[in-house]
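Some notes on the structure that comes next.
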Amino acid sequence: MSPLLEIAGIGKSFGAFRALSDISLAVEEGETLGLIGPNGAGKTTLFNVVTGFLRPDSGAVRFAGAPVDRLPPEKRAALGLVRTFQKAMVFPALSLRENLAMAARQRAGHGLRWLGARTCHAEADAKVERLLAESGLPRGGGERMADLSYGEQRIADLLMALALEPRLLLLDEPTAGLSQAEAERLLRIVRRHDSRTALVLIAHDIDIVFGHCDRIAVMHLGRLLRTGTPQAVRADAAVRAAYLGSLAD
Amino acid sequence: MGYAIVQVLNALSFSALLLLTGLGLSVVLSLMNFVNLAHGAFYLLGSYVAVLWLASGAPWWLAFPAAFLAAALAGALLERFPFRRFYARPHLMQVLLTYGISVILADLMRWGFGAQILTPELPAALRGVVFLFDMPFPLYRLFLIGVGAVLGLLLWLLLDRTLWGAALRAAVTDRGIVETLGIDTRRLFAAVLVLSAGLGGLSGALGAGMLAAYPGLDEEVLILALITVVVGGLGSFGGTVAGALVVGFALTFSKVWFPEFANVVAFSAMAGFLLLRPHGFVAPPLRQV
Amino acid sequence: MRRALLSRAAPMAAALLALALPAALAGPFHLRFLAEILLLGTAVMSLDLLVGSGGLVSLGHAALFGTAAYAAAVAALHLGGNLLLVLGAGTGAALLLAALMGVAIMRSSHLFLLILTLLLGQIAWEVAFHWRAVTGGADGLRGLPPLSLGPWRLDGPRALFLLAGGLALAAHALARSFVAAPIGRALVGAREQPLRMSALGYSTARIRLRAMLAAGGIAGAAGSLYPFLNLYVGPQSVHWSLSATMIIMLVIGGVGSLWGAFLGSAVYLALQTYVSAYTDRWQLFVGVIFVLIVLLLPHGLAGAAARWRRG
């Protein structure tokens, strides 16, 4: 069986700056891959290329066995290739419930409907209630997104991604800027969906990455240094030199 | 041959006018992120001042600084209230506010200067024609091309090569940091708006010899200047030059080749260009995510 | 439950009353005037779908309205003034142009969108102005046959007023359902956070196209009746200055409220009609009022009314 996501030879430059060179990587169905590397290693750029927000200069991306290079971001999302952004990206003026419903309606294929609004809304609302209950957010859902704390916004952001029922979820530093308790709640929500969804996780928090991931990929200056199990990566000399440095000693 | 050269010069003189008007607009847009739809009013004010000045018998060449000062003064007043409050507001609110101001200014000018078409009495030095390959060409248009090129160059030097320009560009990127360096960004922004308004008035004075002055010209010029800036890609200097050339040549040559449907052809060309390049000629290198 | 019913029935009853009273009491001049307010208001309300929900400020909306007016007038001149035919011809033409505009604005936003819609609108104006054989050029088209529906003639001011009122009510219901439906929410989402919408799998291009079609259809329906108020249509109904006027009306009335569009068109046309009787400076009045509203009432008269009602 072919891997769920297959990245082959991706290169991307911004002017003279080579953000990515020759990245090849595969993500298997259902696995959790940690993507680590110092700032500027190209992790977010790689996400942007995989999800179609950036066009690579070279290389190819295959998802679920089919090439997706020519698809715009929204088509890739519709295939189940879903991402979050480095900052919580929500609709601040809309309510929490409306934020989640936006995702739920799209997943149900009702995103652009005009007629039959009542049933679309009812279906979406039911799903939103489920998600809210599962999330354990102490919120009714009527609150304006802008009035929620940053941690709650990030969790809502994640819930929107999960409402799309992704096959592969790319999380870009989901716990950055969150308190310990908020980070743990967020990871609990992710793990509940873990069995169904493959996960690629960018994080700076080493404990989170090494504690939760099946495999880890290390990037440095636009290159992929090493991919392997947490133990193997921890033991790798090049990784220690480039990234873990004193942390590992 | 002569005919072609005359048409190219026609296009160039129109482009020079568009460049000067467009630069006033693009300076505030790129440096302050402020959309000023009252710019056409500054232009027309400059035209009227120049027409009156040239009719008054005072030294003719002072008409241009006078138009600059008149429009700059209007800009300075409007900058204090209400423009200043809108610098940080979304473009939509800026568009609405400045459009409303332009409606008021247009009617005030109609009140003050009347509704008829006023043409300036050009001084002898700028009247008449020169012969290029046996084709007559108005001297005034050559003057426009020259002045447009010189003023454009001066403005570029000011913004791109002086410390003042550097402070300004830094203030656009991060106002807070520039303020911690002890530079008063409020005064900086006020100066830019006054400069832009003055530039509008100056272009109006220069343009009066070609387009005359009448109610409604403010809107026509504003629209063409906006198209110039937008086609150029909003605000980069080189982009505005390119935009002025595209619009100037498109309008001139569509009149030569398709006299019946000149504007349809020119507008279609511009719209087509914006369809192919939705962010204009020189798109700012923005990273979306 | 009962209160909810009441709160929905009350505006409806008020609207019907607002239509019934003038129909019974007003004279021919005022009936025509009110009909013009209603038709222009309907077009402005359709613009509110784009501006209020989508943040898409179009300077080409008059092109949709005016193209519909011309198509309806031409159809009436050649085939007679049957109401359904006229409405169909006008709305159809506006939908076609709206589809073109919707495709054109797929990738543009902000000032680019403003200029692109302006250019497209002005192309339509140039065609209306120069295609003399069909549009009558600068003179426009006169001598249109009166509207009719089967055996009834709809050419009296009262009939025209009621027709405009019925259209306004239907269009308002349609616009409200659009805003409340998933597509309306998606339009708001694409305004607020276009990147997130793409990441959620929404195509902003398709959202915009649909919004443009909805707005174009409604503006077109209003535009198709417009020539029959004075049995005349001229190129100024396509010109961008009417688009700008529509934006002024929308802002005076209140962006995003839908019903404020009618308020705005009423205030503007009243100023134009009554203030111009006393002074040549009525545009100064309009400008000052417009600027004051932008400065003081960012949600327009409708927003102020809503705030006042809430106490």
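The values are calculated or read from the model by the stated rules, or taken from the named source; none is laboratory data. Everything numeric in this text was worked out from a predicted model, so none of it was measured. When we count neighbours, we look across all protein chains shown, and the Cβ atoms used for this are built from the backbone with ideal geometry, even at glycine.
For C:Arg32, are the conditions met, namely being touching a residue at least 12 places away in the same chain (Cβ under 8 Å), more than 14 Å from chain B (Cβ to nearest Cβ) and of a type in the set (Lys, Arg)? It is true that C:Arg32 is touching a residue at least 12 places away in the same chain (Cβ under 8 Å), more than 14 Å from chain B (Cβ to nearest Cβ) and of a type in the set (Lys, Arg). From the list C:Ala270, C:Ala261, C:Ala266, C:Ala244, the lone residue that is crowded, with 24+ Cβ neighbours inside 10 Å and of a type outside the set (D, E, K, R) is C:Ala261. Quick check: is even one residue across the stretch B:129-151 of a type in the set (Val, Ile, Thr) and over 29 Å from B:Ala58 (Cα atoms)? No, the stretch B:129-151 contains no residue that is of a type in the set (Val, Ile, Thr) and over 29 Å from B:Ala58 (Cα atoms).
Of all the criteria given as (1) within 30 Å of C:Ser177 (Cα to Cα); (2) among the hydrophobic types (A, V, I, L, M, F, W, C); (3) in a loop (DSSP other than H, G, I, E, B), the one not satisfied by A:Ala77 is (3).
Selection within the stretch B:41-92: residues that are exposed (fewer than 15 other Cβ atoms within 10 Å of the Cβ) and of a type in the set (Phe, Trp, Tyr). The member of this set that is nearest to C:Val294 (Cα to Cα) is B:Phe81. Of the residues A:Leu162, A:Leu244, the single one that is assigned to a helix (DSSP H, G or I) and at pLDDT below 85 is A:Leu244. Close Cβ contacts (under 7 Å, 6 or more residues apart or on different chains) running from residues in the stretch C:95-112 that are at the interface with chain B (Cβ under 7 Å from one of its Cβ atoms) to residues that are assigned to a helix (DSSP H, G or I) and β-branched (Val, Ile, Thr) comprise C:Leu111/B:Val230; C:Phe112/B:Val230. Tell me yes or no: at least one residue of the stretch B:241-264 is under 21 Å from C:Ser109 (Cβ atoms), facing chain C (nearest Cβ under 10 Å) and crowded, with 18+ Cβ neighbours inside 10 Å. No, every residue in the stretch B:241-264 fails to be under 21 Å from C:Ser109 (Cβ atoms), facing chain C (nearest Cβ under 10 Å) and crowded, with 18+ Cβ neighbours inside 10 Å.
For the stretch B:244-263, a residue qualifies if it is more than 13 Å from B:Leu224 (Cα to Cα), in a helix (DSSP H, G or I), free of Cβ contacts under 8 Å to residues at least 24 places away in the same chain and not charged (D, E, K, R), and the qualifying residues are B:Ser254, B:Trp257, B:Ala262. Name every residue in the stretch A:68-102 that is facing chain C (nearest Cβ under 7 Å) and among the basic types (Lys, Arg), in order of residue number. Once the filter is applied, which keeps residues that are facing chain C (nearest Cβ under 7 Å) and among the basic types (Lys, Arg), the stretch A:68-102 yields only A:Arg83. For the stretch A:202-227, a residue qualifies if it is within 14 Å of A:Ala176 (Cβ to Cβ) and touching a Lys or Arg at 6+ places or on another chain (Cβ under 9 Å), and exactly one does: A:Ile202.
When A:Glu28 is tested against (1) of a type in the set (D, E, K, R); (2) within 14 Å of another protein chain (Cβ to nearest Cβ); (3) out of contact with any Gly (no Cβ under 9 Å at 6 or more places or on another chain), only condition (2) is not met. Please work out which residue is surrounded by the most Cβ atoms within 10 Å (Cβ to Cβ), limiting yourself to the stretch C:48-80 and to residues that are part of a helix (DSSP H, G or I) and polar (S, T, N, Q). Residue satisfying both the conditions and the ranking: C:Thr67. Residues of the stretch A:80-133 that are part of a loop (DSSP other than H, G, I, E, B), touching a residue at least 12 places away in the same chain (Cβ under 8 Å) and more than 30 Å from A:Phe63 (Cα to Cα): A:Pro92, A:Ala93, A:Leu94. Would you mind stating whether C:Gly41 is in a helix (DSSP H, G or I) and under 15 Å from C:Ala168 (Cα atoms)? Judged against the criteria, C:Gly41 is a match. So, B:Met32, is that one in contact (Cβ under 8 Å) with a residue 24 or more places away in the chain, closer than 16 Å to B:Gln94 by Cα and out of contact with any Lys or Arg (no Cβ under 9 Å at 6 or more places or on another chain) or not? Here the answer is yes, as B:Met32 does meet what is asked. Restricting attention to the stretch A:176-203, the residues that are under 24 Å from A:Pro73 (Cα atoms) and not hydrophobic (A, V, I, L, M, F, W, C) add up to 4. Out of the residues in the stretch B:19-31 that are away from chain C (no Cβ under 14 Å) and crowded, with 24+ Cβ neighbours inside 10 Å, state the one that is modelled with the lowest pLDDT. Here the residue is B:Val27. The residue of the stretch B:88-115 that is nearest to the other protein chains (Cβ to nearest Cβ), among those that are under 20 Å from the mean Cα position of the chain (by Cα) and of a type outside the set (A, V, I, L, M, F, W, C), is B:Gly100. Out of the residues in the stretch C:260-311 meeting the condition of being charged (D, E, K, R) and in a helix (DSSP H, G or I), tell me which one is nearest to C:Pro11 (Cα to Cα). Restricting to residues being charged (D, E, K, R) and in a helix (DSSP H, G or I), the top hit is C:Arg309.
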